[in-house]
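Here's the structure, in structure tokens; my notes come after.
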Amino acid sequence: MELIEYIGEERVLSKAIHEYDGKKGTSITCAKRLAEFLGDDILKDDGSLNVKFIISKNPIGAKVAARAIPCGIFEMPPEIMQKFIKRWL
């Protein structure tokens, strides 16, 4: 996990996720991906969602926002982590 601290980024979504509707960005992608494995309850707050992420090389040719991987996935059990990493990459 120390490596992720060096290569990762951290951002705060200051508005509720629905206020970003139609916009794309690494923070928004990560918030939605966090909700995939942690549940939609994390998106219910009116802002102040802290997201930590890394940018993956894959899928090659995809925009940066589509390659953002939330660091929280690396703290999940291996079977859950593998399922979502495969989906996103």
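The values are calculated or read from the model by the stated rules, or taken from the named source; none is laboratory data. Values in this document were obtained by computation on a predicted structure and should not be read as measured data. Neighbour counts run over all protein chains shown; Cβ positions are idealised from the backbone, glycine included.
On inspection, C71 passes the criterion of being touching an Asp or Glu at 6+ places or on another chain (Cβ under 9 Å) and either among the β-branched types (V, I, T) or in contact (Cβ under 8 Å) with a residue 12 or more places away in the chain (or both). Among the candidates E9, E2, E75, the residue that is surrounded by fewer than 15 Cβ atoms within 10 Å (Cβ to Cβ) and within 11 Å of the chain's Cα centre (by Cα) is uniquely E9. Once the range 18-43 is narrowed to residues that are assigned to a loop (DSSP other than H, G, I, E, B) and without any contact (Cβ under 8 Å) to a residue 24 or more places away in the chain, the residue that is nearest to G72 (Cα to Cα) is G39.
Applying the condition of being hydroxyl-bearing (S, T, Y) and surrounded by 12 or more Cβ atoms within 10 Å (Cβ to Cβ) to the range 28-66 and asking which residue is farthest from the chain's Cα centre (by Cα) yields S56. G61: assigned to a helix (DSSP H, G or I) and either modelled with pLDDT of 85 or more or hydroxyl-bearing (S, T, Y) (or both), yes or no? No; evaluated as a whole, the condition is false for this residue.
Has the range 66-84 got any residue that is on the phi > 0 side of the Ramachandran plot and either in a helix (DSSP H, G or I) or not β-branched (V, I, T) (or both)?
As a first pass, look at the range 66-84 and keep what is on the phi > 0 side of the Ramachandran plot: none.
No, that holds for no residue.
F53 fulfils the conditions (1) of a type in the set (F, W, Y); (2) part of a helix (DSSP H, G or I); (3) in contact (Cβ under 8 Å) with a residue 40 or more places away in the chain except for a single criterion, (2).
Go through the range 1-17 residue by residue and tally those that are part of a helix (DSSP H, G or I) and either touching a Lys or Arg at 6+ places or on another chain (Cβ under 6 Å) or touching a residue at least 12 places away in the same chain (Cβ under 8 Å) (or both). Matching residues across the range 1-17 total 3.
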